[in-house]
Amino acid sequence: MSASAVDQRIRSLRPPKVPVDPYRAHGSLLEEERRPDGTIERALTAFLAGAECPFTCSFCDLWRWTIDGPTPPGALTRQLESVLQTVDGAVPNRLKIYNASNFFDQRAVPPEDVLGIVTLAAPFAAVTVESHANTIGPRALAFARQISGRLEVAVGLETIHPVASAELNKRLDLAQFDSAAHLLRENGVDLRVFVILGAPHVPAQESGAWTVRTVEYAVERGASVVSIIPVRGGNGEMERLEALGQFTPPMLLQLEEALDASLQFTSAVVTADLWDVERLPGCEDCRSERIARLRRVNLTGRAESQISCIKCGAA
């Protein structure tokens, strides 16, 4: 099946998209994050609305938060300005601008908005944006020079499993990722990497091991932060693959095990993404305790004793 045909199939299975206002941010999140040097920084994440990513990954659910068509010029700066107005007290250390797409894609971030974003980001010591590895090039380096703080680019590596990586419809091979990582490293730009747990086309019993291998791969290529993200269903394609036996929703315990096993890579901060963690299948008797443990380990980076549960038998 051609790439365009796969795109069409994935899009055809999606539930209806809720209308998104391109001039209104989805919201923001203020949290503490650990950095590789052991310091704890306050990070403000601005969730902005804009154009959808063109790559149509099979596992993606970010399309829900995007608009049809390109981002209107001026929309992102207006959204970001409204988010920053909600911040009370001292300016956080880091500003994370997540637009559910690719920051260096001009369709998603119009050139007219870049200078306004640079101005709004000036008070922050560091800025994080997200982008597909294939869009990282001269625009990324130019943005790094324009902002007053240090740039970090968040890139989805997802998995290095040879079959799964080819089936994700991400249009990314390891050589492309390596090239982007090298370009950022050589130009003083930090790299944050997203790795998925429960990648479709990976046997369930091998899922955790492949996640840890992918974390290791990212760290070896200079990632300063790696986030393990459980694959979430709900986009139609994941349900199709589950019915075919090619996708098994990851468990809460698997996320815990993957994080524990990844703490060995001490040159980077490895965390478990806890967005919608309540949706992960798991034992109700020990769920809240396990989630609390994940939050602590995310912040400290220190291994903790595993939680024992009589009901589910996990240790």
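The values are calculated or read from the model by the stated rules, or taken from the named source; none is laboratory data. Worth saying up front: this structure is predicted, and the values here are computed from it rather than measured. Cβ placement follows ideal geometry from the backbone for every residue including glycine, while neighbour counts extend to all protein chains displayed. Quick note on the areas: whole protein, heavy atoms, side chains included, nothing else; ligands and nucleic acids left out. Shrake-Rupley method; radii C 1.70, N 1.55, O 1.52, S 1.80 Å.
Points worth noting:
- Part-to-part distance (alpha-carbon centres) for segment 6-64 and segment 77-116, which is given in Å: 13
- Nonlocal amide H pairs with THR159, under 5 Å, H built at 1.01 Å: ILE196
- The chain: relative contact order as a whole-number percent, Cα under 8 Å and 6+ apart: 15
- Taking all Cα pairs closer than 8 Å and separated by 6 or more residues, the relative contact order of segment 190-315 comes to 25 percent.
- Correct option for Rg/Rh (Cα atoms, Kirkwood Rh) [calculated from the coordinates] among (i) 1.08; (ii) 1.15; (iii) 0.95: (iii)
- Probe 1.4 Å - accessible area at THR39, Å² to nearest ten: 70
- If R0 equals 41 Å, the separation of the Cβ atoms of ARG279 and ARG145 corresponds to a calculated FRET efficiency of about 0.50.
- Computed E for SER179/ILE310 - FRET, C-beta separation, R0 41 angstrom, nearest 0.05: 0.20
- Segment 101-176, relative contact order [Cα under 8 Å, separation at least 6], %: 31
- Rolling a 1.4 angstrom probe over the chain with all protein chains present gives an accessible area of which 53% lies on carbon and sulfur atoms.
- Share of alpha-carbon pairs per 5 Å distance bin for segment 2-146, given as whole %: 2, 9, 18, 21, 19, 15, 9, 5, 2, 0, 0
- The residues of segment 1-69 expose, per residue, 53 Å² of accessible area to a 1.4 Å probe.
- Near ALA154, the amide H atoms lying under 5 Å from its own belong to VAL129, GLU130, SER131, ARG192; only residues 5 or more places off or on other chains count, and H is placed 1.01 Å from N.
- Extension gain for ALA292 to VAL118 (0.36 nm times residue separation, less C-alpha to C-alpha distance): 59.0 nm.
- In terms of its C-alpha gyration tensor, segment 74-156 has a prolate overall shape, because the principal axis ratio a/c (a ≥ b ≥ c, square roots of the eigenvalues) is not below 1.5 and a/b outweighs b/c.
- THR119 - accessible surface, heavy atoms, 1.4 Å probe, Å² rounded to 10: 90
- Highest-first packing order for the peptide set 265-274, 252-261 is 252-261, 265-274, based on the mean count of other beta carbon atoms within 10 Å.
- Ligands, DNA and RNA excluded, the heavy atoms of LEU183 present near 50 Å² of accessible surface to a 1.4 Å solvent probe.
- For segment 139-234: accessible area per residue (Å², 1.4 Å): 37
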